[in-house]
Each structure stands twice: as C-alpha cells, then as structure tokens.
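The values are calculated or read from the model by the stated rules, or taken from the named source; none is laboratory data. Since the model is a prediction, treat every value here as computed from it, not as a measurement. All Cβ positions, glycine included, derive from the backbone under ideal geometry; neighbour counts span all protein chains shown.
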Amino acid sequence: MGESMKRLATRLWINVGITMVIAIAIFLAWWLSLATLIETTFISGWTLASLFILLAAYNVRKLLTFLPLGSSSLWLQIHLYAGWLTLALFAVHIGFRVPNGWLESILAVIYLAVAGTGIVGILLSRTAAPRLTRRGESVLYERIPLHYKQVREQAEELVLQTVTQSNAPTIADFYSSTLIRFFHGPCNTLAHLVGVSRHRHRLLHELNALERYLNATERDFLAQIVRLVEIKDDLDFQFATQRSLKCWLFVHIPLTYALLIVTAAHVLTVYTFIGSAW
C-alpha cells in the first residue's frame, strides 16, 4: 500500500472514530436526560435542523465554485459524516418511537428517504468508478447513444452480408428472433447494477451453439457478431452504471429541499403551539 493510501486510510478511520464518539455521546446525553428529567427536545431539534441546513449547503457550494469557501473534497467529507450524525440525532429527537402526528410522520418519511438515497449515493460513488474501469472501454454518458447506433448498424450490415454471401438465412433468422431487440437499445439495466451477467453468458452460449449449423464463411461472420454482442453488453453496463450515478441526485437533492421546507413548517407549528399555550 502506498504512502498516500495509508494516509487516506488513517484519515478515514479517524473520521469514522470521531463520528462514532459523537454519536455515542448523543445517545448517552439522551439517556441521562431521561434519568434527570431534563428536556432536550429543543436542543436536539435545533441541532438537527442546523445539520439539515449544513447538508443542503453542500449542493450550494458545488454551484458556487468561484467563491473561496473551502475545497469540494472537504465539503464532501463534512456532508458525509454530518449525514451519519443526523441518524443518531433524529432517533434521539423522536425518542426512538414512531411519530404519531401527520406533520411529524411526513417529516420522518422524507428524512428517511433523504438518508436512504444518501446511503445509496455513497455506495454508488464508492463502487461505480472501479467497476467502470474494469469493464470495457470508458465512454462518455452523452455519447453512449451514438455508440449504440454504430454497433447496431455494424450488426445489421454483417447480417445482410451473411445472406448475400452465403445464401443461408440461419444467422439472419437468429438475429430477427433474438438479437434485434438486444441491439435496439439499453438492456438488462437492473442486472448490470447488481452485478449479474447471466444474460450475457446465456446469449453467448446460444451464439456458440449456432456455430455447428454454419459453414466456414458464416462462422467468420458469427465471430464478428459475437464481438459486437460483447461490445454492446459493455455499453449496457456503462449506461446502467453512469445513469444510476446521475439519476440518484435527481431524487436526493429535491428530497433534501423538501426536508428543509417540512422542517421549517414543523418548527413554525411547534412555536405556534407554544405561543398559544402561553
């Protein structure tokens, strides 16, 4: 392991350790408050609301790259570990119970959705990049449709050549019955996301089984089609992985702003109730 990797690993464990210590302190403070009958709901609530604002500020920081507000990597680290701390604070704030009011229930559902999509985002960002480098040629997401079109046209041209040069419809029939839908657009997106390649092995097995019915000329064409199938499946993997990286933000960020709005409504409701009680 290189020196830089050792420093990264050390920093990771330090950050995780600090986060765990703070989370344990939050739980202990809540437990002591129960024993001493000290009301901590307002403290945990305002701390939680402040963390929500801090987490949302990370997206604002990404938009204001021209301002000297600290490095993006530093903001990302703060975003990640503050996000984990909100789990402890949220559990303490609701007293480890299921909310019973309609506004509190909506707030809890939105928060859990934000936390869940955040965890998904962490997993995707940590696993997608290594998987993309190990699987096929790296392709820009915006250019994937063009690559799809090129591969499909090459496959269709090969099929036409098999018919004109060998006067045998075997490969053309197989293409019409099995491959035409495969080459038409993205396929097996979910399988690629979970790392399952059974569909690829099955398709290649069917192509290999077809070889026994072909003459020498057709076998040459079949070998080229097999290669295009492999290229197309690699493109499907690139599409599924890169699309997941882009799409989760379109869920996570709007939910974050929805959380801020409902949190503000919750705070307003609480203080309105307190004011009317007085």
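Residue count for segment 27-49 under the criterion of being over 25 Å from residue 261 (Cα atoms) and modelled with pLDDT of 85 or more: the result is 7.
Summed over segment 17-31, the residues that are touching a residue at least 40 places away in the same chain (Cβ under 8 Å), hydrophobic (A, V, I, L, M, F, W, C) and under 26 Å from residue 117 (Cα atoms) give a count of 5.
Against the condition touching a residue at least 40 places away in the same chain (Cβ under 8 Å), surrounded by 18 or more Cβ atoms within 10 Å (Cβ to Cβ) and in a helix (DSSP H, G or I), how does residue 269 come out, does it pass? Judged against the criteria, residue 269 is not a match. Given the structure, is residue 181 exposed (fewer than 12 other Cβ atoms within 10 Å of the Cβ), modelled with pLDDT of 90 or more, basic (Lys, Arg) and part of a helix (DSSP H, G or I)? So residue 181 passes the test.
All of (1) in contact with a Lys or Arg (Cβ under 7 Å, 6 or more places away or on another chain); (2) buried (at least 17 other Cβ atoms within 10 Å of the Cβ); (3) farther than 21 Å from residue 129 by Cβ hold for residue 234 with one exception: (3). Quick check, is residue 56 within 26 Å of the chain's Cα centre (by Cα), of a type in the set (Gly, Ala, Ser), surrounded by 18 or more Cβ atoms within 10 Å (Cβ to Cβ) and modelled with pLDDT of 80 or more? Considered against the rule, which asks whether it is within 26 Å of the chain's Cα centre (by Cα), of a type in the set (Gly, Ala, Ser), surrounded by 18 or more Cβ atoms within 10 Å (Cβ to Cβ) and modelled with pLDDT of 80 or more, residue 56 comes out as no. Considering 137, 142, 104, the condition of being in a helix (DSSP H, G or I) and closer than 30 Å to residue 179 by Cα is satisfied by 142 alone. Report, ordered by the first and then the second residue, all pairs with beta carbons closer than 7 Å, sequence separation of six or more or different chains, a first member in segment 32-58 that is more than 17 Å from residue 266 (Cα to Cα) and in contact (Cβ under 8 Å) with a residue 24 or more places away in the chain, and a second member that is assigned to a helix (DSSP H, G or I) and of a type in the set (A, V, I, L, M). Once the first residue is more than 17 Å from residue 266 (Cα to Cα) and in contact (Cβ under 8 Å) with a residue 24 or more places away in the chain and sits in segment 32-58, its partners that are assigned to a helix (DSSP H, G or I) and of a type in the set (A, V, I, L, M) give 54/82; 55/82; 56/260.
Screening segment 59-103 for residues that are under 18 Å from residue 119 (Cα atoms) and small (Gly, Ala, Ser) and picking the one that is surrounded by the fewest Cβ atoms within 10 Å (Cβ to Cβ) gives 73.
Considering only residues in segment 197-231 that are over 15 Å from residue 179 (Cβ atoms) and polar (S, T, N, Q), the one that is surrounded by the fewest Cβ atoms within 10 Å (Cβ to Cβ) turns out to be 215.
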